[in-house]
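The values are calculated or read from the model by the stated rules, or taken from the named source; none is laboratory data. This is a predicted model, so every value here is computed, not measured. Here Cβ is always computed from backbone atoms with ideal geometry, including for glycine, and neighbour counts include all displayed protein chains. Keep in mind that these areas ignore ligands, DNA and RNA; they rest on the heavy atoms of the full protein, side chains included. Shrake-Rupley method; radii C 1.70, N 1.55, O 1.52, S 1.80 Å.
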Amino acid sequence: CLDEEGKVHEFDSSWRTEDCNDCSCSKTGIGCCTSYMRPVDYDEEKCESIFNKETCSYRVVEKDDHSKECPVHSWVG
């Protein structure tokens, strides 16, 4: 399989992209999906979500103080 970056992957192989997608190659082609969950139910007026590309995960923190995490009631991914 030839991925969007021009790299060749063997059949029945899998890898994680720089954009945190998990991909796999089969004889029918390449399939990819996100490797992370996205927060969707939190106080968006008081808090913000920050994506960490190194860990492929989100943190939800107070806008005025990033050291304080906010509760998240629902995630999707």
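Listing for the model above:
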| item | result |
| --- | --- |
| HN-Hα J in Hz across the range 46-53 - Karplus 6.51, -1.76, 1.60, θ = phi - 60°, x for Gly and Pro | 8, 10, 9, 9, 10, 8, 9, 5 |
| Ranked order, Thr55, Thr28 - accessible area, probe 1.4 Å, largest first | Thr28, Thr55 |
| Electrostatic dipole magnitude of the chain [Cβ: Lys, Arg +1; Asp, Glu -1; Cα centre; debye, to 20] | 220 debye |
| Accessible solvent surface per residue of the chain, calculated while the other protein chains remain in place, 1.4 angstrom probe, Å² | 75 Å² |
| Highest-fluctuation residue, Lys63, Lys53, Lys27 considered, GNM on the chain with Cα pairs under 10 Å | Lys27 |
| Solvent-accessible surface (1.4 angstrom probe) belonging to Glu62, in square angstrom, nearest 10 | 40 Å² |
| For the chain, Cys with no neighbouring Cys Cβ under 4.7 Å | Cys33 |
| Relative contact order [Cα under 8 Å, 6+ residues apart], the chain, whole percent | 23 percent |
| Surface share of carbon and sulfur [accessible, 1.4 angstrom probe, percent] for the chain | 45 percent |
| J(HN,Hα) series, the range 16-31, from Karplus relation 6.51 cos²θ - 1.76 cosθ + 1.60, nearest Hz, glycine and proline x | 10, 7, 5, 8, 6, 9, 8, 10, 9, 10, 10, 5, 8, x, 9, x |
| Nearby aspartates and glutamates by direct alpha-carbon distance to Lys46 (threshold 19 angstrom, same-chain neighbours under 8 apart not counted) | Glu62, Asp64, Asp65, Glu69 |
| Equivalent ellipsoid dimensions for the chain as semi-axes, Å, which come from the Cα gyration tensor, largest first | 34, 12, 8 |
